[in-house]
Every structure is written in C-alpha cells, then in structure tokens.
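Okay, structure first, notes after.
The values are calculated or read from the model by the stated rules, or taken from the named source; none is laboratory data. Bear in mind that the values here come from a model prediction, so they are computed numbers and not experimental data. In this analysis, Cβ positions are derived from the backbone assuming ideal geometry, glycine residues included, and neighbour counts consider all displayed protein chains.
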Amino acid sequence: MASNKEDNSSLSPPRKIYLWSHARSLGTVFLKCLTHIPDTQVINGIFTSCYFFGSETPFKLRDKFIVLPEDVDLSEFPLVYDGAASTYDWAESQFKLDYTGKKYIIYKDAPISLQGRHELIPKGFRHTFMIRHPHRMFTSWKRLLISNGGSAILEGTNLKEMIETNFNGMFEYKELYDVLVFLQNHPELGDTKPVVMDVDDLLNNPQSVLKQYFNAIDVPFKEEYLYWKPGTDLVKHWKVSRQLIGRGLRGGNLGYFKKALVETSEFLPANELPGRDELDEDVRACVDMVMPYYEKLYQMRTIKP
C-alpha cells in the first residue's frame, strides 16, 4: 500500500524502473514477466490513464472509454483507481509515493500519453524502451481497431484515418523517440543512456535478452522469469486504473490486451516478418510515416541477442 513516508529507515530506497513502449509492442506481456521479481510494485499506465480517461485529456472519445460493462469484476484488484479522475498533476504526485517494503518500483507508460509534456518525466529512474517492427505493430493494431470491435467506437474507415482522427495523429514511434532523446539531453534526470530493446530480439532469444535487460536494470536474473502461469494472479496487485485493467480483462470493443493479461505464459518465437508488399495499403501508409523513427531507435538498441 502506498504511503507518503517510508517508516523503516533501515531499508534502502527502492530501485525505480520505467518501461516505455508503444501500442502492440507486447509491453503488457513483458510487464507481467517483470512482476515475477520479488518485492516489486507495478504501476501500469499513470500517464496512459490521464490521456485516455482523465478530465484534462484532448482524447475526444474519452466519454466512451471510461464506461465499463457491468460484468467486469475488479473486486480482487485492491489497488485500482478511477482513471476518470486522473490529472497530470496527480500523475506527477504519484512518483513521490513510497511503497513500504518494496525493493523495486516499475512503471509502464506509452509516450503518446505525455502529449509532449516531457517535463513530467520523473528523475531518478532507470528508463527502458521496447520497440517493435512497424510491419508487425500496425498489422496488429489494425486487427484490434477494425476487426475486434474498434470500428464500432472509433471514427474512420481505415487504419491511418482512424489514428489521425481518434489519436491526434500520433503514430507512436516519433513520440517514443522524442522521450528517449529528451532523456539523453537532460542529465539531471539521471539516465542519459536508457535501455532499448527490440521485441523480435526478445521473442527469438528470450533468455539472452532477459539476462541483458535484468543486468541493465541491476536486478538479479532467475531462469524462472522465463515462464509464468496464465491467469491474473500476477497482475492483481498492479496499481492501475479500473478502466485500463477492466478493458484489458474484458476483451472486445478495444479490450486492448486481454491475451497478454490472461493467456500468455512465456515468450514464443516471432512469426516471419511480413514484407512490405504483403501489407494492406492503409498499413503501408502508417509504416511509411514511422519507419525513419523506428530505424533510428533500432540503431540505438543497447540489448542485442
């Protein structure tokens, strides 16, 4: 449970880690893996909840997103909060909280949720980044937005139009790159050499990549972290808005990550990367917009198989 003061002075300050990822990059799967670490508190989507559900958001579909079906049961999730009340000032205050008895505090967010407000990025964290090839990311995003109930909520007839209309034209890779460069250029934040890894490297070489990641965040690695039980036991004590976790568990109608939350149990090898000619026209249009940023991020990887 969060408190404003750490009453056990014999404990060292917890190590703070930030995981930044874009949509459809398996960030939730990876966060579930990290939840294995003993004495860890996970805070998922502080800024994400501000953007999608909070009272200050420019996201015009907010009123549709904050409503959850009545059959979503979060009674076993003691740290959920109402994302509809989230503000960016509130989010900033969360970084000042201590979590008694915890050795590691892990936050996860999407850079688009900052809306360019890089001054909100907290100092004293080890910042880490996950990237995924745009061919995979936008193919997956189209499947979610158009084939999984998204077309009933979002405006637009194709993927590019949906992103431009509903997500303020933010295609995610530039926003991720901008946060990384901001950290490099602001040594006062304490991490000018963030960790960067590609999801395909993780999926195809999970042991090697995980070992390197854990070494980079100064956390002891154990072989058991390569596997976890399906279900929600690992995520029940995440601090997360009820809208974000509720949509994730519900699935359908933009239930973004039900499979990641409930069904996964390990990292499986990536399928063959689809070629550009195999992509739908609207997916290619999105890919072309972000590929220069992905290529820069790929060259900035600090973890390689």
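Points to keep in mind about this one:
- If the condition is being more than 30 Å from I303 (Cβ to Cβ), assigned to a helix (DSSP H, G or I) and either of a type in the set (D, E) or modelled with pLDDT of 75 or more (or both), then the stretch 131-160 contributes only K160.
- Tally of residues being farther than 18 Å from K236 by Cβ and modelled with pLDDT of 80 or more across the stretch 65-76: 3
- For the stretch 28-70, residues that are without any contact (Cβ under 8 Å) to a residue 40 or more places away in the chain and either out of contact with any helix residue (DSSP H, G or I) (no Cβ under 9 Å at 6 or more places or on another chain) or charged (D, E, K, R) (or both) total 4.
- Among residues of the stretch 117-145 that are more than 29 Å from V283 (Cβ to Cβ) and touching a residue at least 60 places away in the same chain (Cβ under 8 Å), those with a beta-carbon under 6 Å from a residue that is part of a loop (DSSP other than H, G, I, E, B) and of a type in the set (A, V, I, L, M) at least six positions away or on a different chain give the pairs R126/I217.
- Of everything in the stretch 104-125 that is over 13 Å from the mean Cα position of the chain (by Cα) and among the small types (G, A, S), the residue that is farthest from S12 (Cα to Cα) is G116.
- Residues that are among the small types (G, A, S) and assigned to a helix (DSSP H, G or I), drawn from the stretch 112-130: S113
- Among the residues of the stretch 78-121, the one identified as surrounded by fewer than 16 Cβ atoms within 10 Å (Cβ to Cβ) and in contact with an Asp or Glu (Cβ under 6 Å, 6 or more places away or on another chain) is T87.
- Subset of the stretch 24-45 [in a strand (DSSP E or B) and under 10 Å from the mean Cα position of the chain (by Cα)]: N44
- Failed condition for A84, given (1) without any contact (Cβ under 8 Å) to a residue 40 or more places away in the chain; (2) in a helix (DSSP H, G or I): (1)
- Residues that are under 22 Å from R132 (Cα atoms) and out of contact with any Cys (no Cβ under 8 Å at 6 or more places or on another chain), drawn from the stretch 95-120: I106, Y107, K108, D109, A110, P111, I112, L114, Q115, G116
- The lone exception for V72 - which of (1) over 13 Å from the mean Cα position of the chain (by Cα); (2) in a helix (DSSP H, G or I) it fails: (2)
- Residue in the stretch 224-240 that is touching a residue at least 60 places away in the same chain (Cβ under 8 Å), out of contact with any helix residue (DSSP H, G or I) (no Cβ under 8 Å at 6 or more places or on another chain) and farther than 20 Å from I46 by Cα present: yes
- Here V262 clears all of (1) among the hydrophobic types (A, V, I, L, M, F, W, C); (2) under 27 Å from P134 (Cα atoms); (3) in a loop (DSSP other than H, G, I, E, B) except the condition numbered (3).
- Selected residue (criterion: nearest to K142 (Cα to Cα)) from residues of the stretch 279-305 that are among the charged types (D, E, K, R) and out of contact with any helix residue (DSSP H, G or I) (no Cβ under 8 Å at 6 or more places or on another chain): E281
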